[in-house]
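Report on one structure; see the data block that follows.
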Amino acid sequence: MGIWIGSLREIVEKVVDTPPLKNLVNWSRIYSLWPAHLMTACCGAEFGAMMGPRFDPERFGMQSAVGSMRQSDLLLIEGTVTKKMLKRVKVVYEQMPNPKYVIAMGDCACSGGLFHDSYSIINDLDKAVPIDVYVPGCPPRPEALLNAVLKLREKIRREEVYPK
Amino acid sequence: MTEVFAKEQGIAAAIKEKLGDTVEEVRVDRMRRLSVVAQKETVKHVAASLQSLGLDHTLAVSGVDYPNENRVDIVYFLSSYSRDDLKDIVLSLRVKLDRENPSTPSLTPIWESSNYFEREAWEMFGVNFEGHPNLQKLLLQDNWDGPPPLRKDLKIPELA
Amino acid sequence: MRIMVRTDGDLIVEATPDIGFVHRGCEKIAESRNIIKNIPMICRPNIADDSHLNWSYVKPIEDLQGIEVPERALYIRSMLCEMNRIASHLYGTALMGGIFSGHTTMFMFGFGDRELLLDLFEMLTGARLTFSFIVPGGVRRDLPSGFKERLLKTLDQIERHLPAIDRIFVRNPIFVERARGVGVLSSEDAIKLGVVGPVVRGSGLLCDVRRDAPYGVYDKVDFEIPTFNEGDSLARWLVRYEEIKQSISIVRQLVRDIPSGPIARKAPLVVPKGEAISRIESSRGETNHYIVGDGSEKPYRVKMNTGSFKNLPALPFLLKGARIGDMPIIYGSLDYWPVEADR
């Protein structure tokens with residue numbers, strides 16, 4: 001019975017991973033990217049501006065951050081990650097359900113930025129959390145952040161529904 | 001240019017008259033800035049007198065590290081909300097401590113607003129405040145194992 | 001910031017704040033860079049209120065060097081700071097009136113109006129949020145042509161939106177019921193805890209550095225300082241809301257009266273021996289920078305003291321005895337900016 005269900009699951013995965021079903025699933029993922037607003041430092045102000053009325057991310061399906069990680073699939077790490085905050089970033093990342101994506105926003109999240117020689121920050125964030133898109137800037141303009149979301153959508157469109 | 005700051009000189013004279021020998025020095029630095037240097041043995045008495053003169057809250061508490069002179073200073077900046085003639089003055093009360101084992105009585109019982117500032121000075125400079133209600137880590141990560149960060153012992157790479 | 005609460009049913013018995021999640025060591029880094037290279041880093045702790053921190057850092061250096069700033073530069077600095085105060089208060093009222101109350105209407109109002117001001121900042125300084133515009137001796141650039149007219153037009157636009165906020169929030173029984181009587185801070189407690197800014201003005205004390213110890217050109221403009229006696233969250237929110245109107249009036253007076261002249265005086269790249277402390281009224285309260293110089297081009301010690309750190313003791317004090325549902329409103333009414341408190 002277990003083998004029967006296992007092979008049924010393989011068949012379903014193979015069917016879903018081919019177009020047109022694959023395109024449908026990826027399309028639905030692209031148009032409902034809900035962000036988890038992890039404002040670790042000052043770039044959060046530009047994230048707030050991006051969620052405002054002028055840049056309007058809701059036309060791309062990014063609803064205003066609901067505040068619960070269990071319902072979000074995009075983690076935006078905005079700003080410097082200090083050693084004290086690193087544990088909490090990992091906890092938030094692990095609480096999010098699959099599929100999940102990470103955008104590192106700002107120079108500080110990409111490589112340490114203005115504070116790279118400080119005694120209390122993490123310079124290489126990608127060793128802790130896998131990052132999909134990097135957005136440089138100090139702070140990046142909201143248009144740059146929206147551009148990063150669009151690039152992420154291109155990436156999601158190409159990837160498999162059930163990655164091995 | 002030398003200006004005569006009449007109001008500040010008046011306040012300095014009143015402080016000198018009230019405190020006499022318990023302070024080392026009372027000085028007018030510039031407009032609206034006075035400074036008082038006290039010993040750590042008499043700093044509580046000086047603080048109580050300054051509070052009775054009308055200075056009712058702390059603006060900031062800072063430490064300064066002088067490794068060449070083997071001392072760590074703690075500076076309290078005081079001002080007033082309740083007395084109109086003292087509202088614009090900032091008075092800095094300085095205590096000079098030995099760098100090896102700096103320890104001074106805490107002024108939190110007198111000015112409640114010094115609570116978090118003294119905690120930060122303990123963490124950043126290693127100065128012990130005797131009688132402080134809650135000396136625990138405030139800003140640094142839990143497993144910090146280096147020297148107190150704001151001392152000159154901790155060096156960070158200097159940019160060219 | 002993490003708040004650890006101990007509750008008895010729905011009432012909070014004790015609350016302990018745990019801060020330090022954004023502690024980046026600004027004070028230590030400032031000792032290893034020269035005074036001009038420090039300016040972008042000093043401004044980052046409060047990115048929404050950049051010019052106040054900038055002025056507060058530059059003022060002790062000018063006091064030690066003994067430089068007198070030209071009049072036109074002081075007018076431009078004050079104009080930039082008041083525009084920044086409007087933008088920051090729109091942010092602060094949007095957060096408490098909107099997100100912490102559970103909806104997004106006020107958030108959209110506040111941020112939409114703020115974008116108009118950010119366009120003006122970009123026209124003047126080149127950046128939306130991080131200007132680094134004030135240097136020892138003056139300011140970096142002069143007002144571009146067409147700036148004054150566009151500024152007055154933007155202020156008219158913002159003023160036209162204010163009656164809508166009045167109708168939807170200030171006189172709305174749902175919002176008022178949420179905020180009135182919540183988190184009351186009496187004036188004696190305010191003096192004892194040493195709180196600053198809109199928090200102390202919402203408790204009935206008329207304390208504002210722009211009036212008590214004027215700097216820049218604040219002694220040449222007429223403005224009122226809104227205070228409310230109730231000391232609850234609604235009073236603190238209303239102080240910010242009224243300050244937007246006062247700042248609009250100050251900027252109009254500055255635009256009318258600005259003189260012509262140089263915008264900067266040449267300042268040496270050195271911090272002379274000595275110490276100085278500054279007092280600037282930023283949007284979240286009084287900001288001080290204490291600078292110790294030793295004669296080199298790098299400061300020996302920079303102590304940054306911001307309004308949010310001074311308001312921090314009010315949080316555990318006000319949360320004691322409150323309900324858990326009131327926690328977002330009390331936190332939002334203090335307008336606590338974590339990056340500024342941790343530096």
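Condition (residue is part of a helix (DSSP H, G or I) and away from chain B (no Cβ under 14 Å)) applied to the stretch C:178-188: is it met by at least one residue? Step through it out loud before you land on a result.
Filtering the stretch C:178-188 for residues part of a helix (DSSP H, G or I) gives C:178-179, C:187-188.
From what is left, the residues that are away from chain B (no Cβ under 14 Å) are C:178-179.
Checked the stretch C:178-188: at least one residue is part of a helix (DSSP H, G or I) and away from chain B (no Cβ under 14 Å).
From the list C:Ile330, C:Ile280, the lone residue that is over 23 Å from C:Arg24 (Cβ atoms), modelled with pLDDT of 90 or more and away from every other protein chain (no Cβ under 11 Å) is C:Ile330. Selection of the stretch A:38-57 for residues being assigned to a helix (DSSP H, G or I), touching a residue at least 40 places away in the same chain (Cβ under 8 Å) and of a type in the set (Gly, Ala, Ser) yields A:Ala45, A:Ala49. Report, by residue number, each residue of the stretch A:125-147 that is in contact with a helix residue (DSSP H, G or I) (Cβ under 8 Å, 6 or more places away or on another chain), more than 14 Å from chain C (Cβ to nearest Cβ) and not small (Gly, Ala, Ser). Passing the criteria: A:Leu125, A:Val129, A:Ile131, A:Asp132, A:Val133, A:Tyr134, A:Val135, A:Pro136, A:Leu146.
Whether any residue in the stretch A:128-141 is touching a Cys at 6+ places or on another chain (Cβ under 9 Å) and β-branched (Val, Ile, Thr) is what I want to check. Within the stretch A:128-141, one or more residues are touching a Cys at 6+ places or on another chain (Cβ under 9 Å) and β-branched (Val, Ile, Thr).
For every residue, the table says whether it meets (1) within 20 Å of C:Gly307 (Cβ to Cβ); (2) touching an Asp or Glu at 6+ places or on another chain (Cβ under 6 Å).
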site: B:Glu8; (1), (2): no, no
site: B:Ile15; (1), (2): no, no
site: B:Met31; (1), (2): no, no
site: B:Leu53; (1), (2): no, no
site: B:Leu78; (1), (2): yes, no
site: B:Pro105; (1), (2): no, yes
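Only a single item in (1) in a loop (DSSP other than H, G, I, E, B); (2) more than 9 Å from chain C (Cβ to nearest Cβ); (3) touching a residue at least 12 places away in the same chain (Cβ under 8 Å); (4) not small (Gly, Ala, Ser) is not met by B:Asp142, and it is number (3). For B:Arg94, the criteria (1) part of a strand (DSSP E or B); (2) at pLDDT below 85 hold in every case but one, which is (2).
Evaluate the stretch A:59-66: report whether one residue or more is within 18 Å of A:Met39 (Cβ to Cβ), polar (S, T, N, Q) and modelled with pLDDT under 85. Among the residues of the stretch A:59-66, at least one is within 18 Å of A:Met39 (Cβ to Cβ), polar (S, T, N, Q) and modelled with pLDDT under 85, which makes the answer yes. For beta carbons closer than 6 Å, sequence separation of 6+ or different chains, a first residue in the stretch C:209-227 that is touching a residue at least 24 places away in the same chain (Cβ under 8 Å) and a second that is among the polar types (S, T, N, Q), the qualifying pairs are C:Gly216/C:Ser78; C:Val217/C:Ser78; C:Val221/C:Gln253; C:Phe223/C:Gln246. Scan the stretch A:139-163 for residues that are surrounded by 18 or more Cβ atoms within 10 Å (Cβ to Cβ) and assigned to a loop (DSSP other than H, G, I, E, B) and the total you get is 3.
With the requirement that a residue be outside any helix (DSSP H, G or I) and more than 30 Å from C:Pro259 (Cβ to Cβ), what does the stretch C:208-235 give you? Steps first, answer last, please.
Of the residues in the stretch C:208-235, the ones outside any helix (DSSP H, G or I) are C:208, C:213-217, C:221-232.
Scanning the stretch C:208-235 gives C:Thr227, C:Phe228, C:Asn229, C:Glu230, C:Gly231, C:Asp232.
Which count do you get for residues in the stretch B:68-82 that are of a type outside the set (Ser, Thr, Tyr) and within 11 Å of another protein chain (Cβ to nearest Cβ)?
Step one: list which residues in the stretch B:68-82 are of a type outside the set (Ser, Thr, Tyr), which gives B:68-75, B:77-78.
Retained after the next criterion (residues that are within 11 Å of another protein chain (Cβ to nearest Cβ)): B:68, B:73, B:75, B:77-78.
Number satisfying all stated conditions: 5.
Could you check the stretch C:236-343 for strands (runs of 3 or more DSSP E) lying wholly inside it with 2 or more residues that are under 30 Å from C:Ile12 (Cα atoms)? Steps first, answer last, please.
Working: elements: C:274-277, C:280-282, C:285-293, C:301-305.
The strands (runs of 3 or more DSSP E) meeting that bar are C:285-293.
I'm trying to understand the selection: among the residues of the stretch B:75-105, which are under 30 Å from B:Asp153 (Cα atoms) and surrounded by 21 or more Cβ atoms within 10 Å (Cβ to Cβ)?
Residues of the stretch B:75-105 under 30 Å from B:Asp153 (Cα atoms): B:75-78, B:91-105.
Result: B:Val75, B:Tyr76, B:Phe77, B:Leu78, B:Leu91, B:Ser92, B:Leu93, B:Val95, B:Pro102, B:Thr104.
Does A:Arg70 qualify as being within 13 Å of chain C (Cβ to nearest Cβ) and surrounded by fewer than 21 Cβ atoms within 10 Å (Cβ to Cβ)? No, not satisfied.
In this structure, A:Asp107 does not satisfy being without any contact (Cβ under 8 Å) to a residue 12 or more places away in the chain and farther than 26 Å from A:Glu159 by Cα.
Within the stretch B:108-133, if we keep just the residues that are over 21 Å from B:Pro149 (Cα atoms) and assigned to a helix (DSSP H, G or I), the residue that is farthest from the other protein chains (Cβ to nearest Cβ) turns out to be B:Glu112. How about the stretch C:282-323: which of its residues are surrounded by 23 or more Cβ atoms within 10 Å (Cβ to Cβ), within 21 Å of C:Val339 (Cβ to Cβ) and out of contact with any strand residue (DSSP E or B) (no Cβ under 8 Å at 6 or more places or on another chain)? Within the stretch C:282-323, C:Ser282, C:Ser283, C:Arg284, C:Gly285, C:Phe309, C:Ala314 meet the criteria. Scanning the stretch C:139-163 for residues that are under 30 Å from C:Ile36 (Cβ atoms) and under 21 Å from the mean Cα position of the chain (by Cα) returns C:Val139, C:Leu151.
Would you check if there is a residue in the stretch C:147-160 being within 14 Å of chain B (Cβ to nearest Cβ) and in contact (Cβ under 8 Å) with a residue 40 or more places away in the chain? It would help to see each step written out before you state the result.
Initially, the stretch C:147-160 is screened for residues within 14 Å of chain B (Cβ to nearest Cβ), giving none.
Checked against the condition, which is being within 14 Å of chain B (Cβ to nearest Cβ) and in contact (Cβ under 8 Å) with a residue 40 or more places away in the chain, the stretch C:147-160 yields no hits at all.
The values are calculated or read from the model by the stated rules, or taken from the named source; none is laboratory data. Remember, it's a predicted structure, so these values are computed and weren't measured experimentally. Cβ: placed from backbone, ideal geometry, glycine included. Neighbour counts: every protein chain shown.
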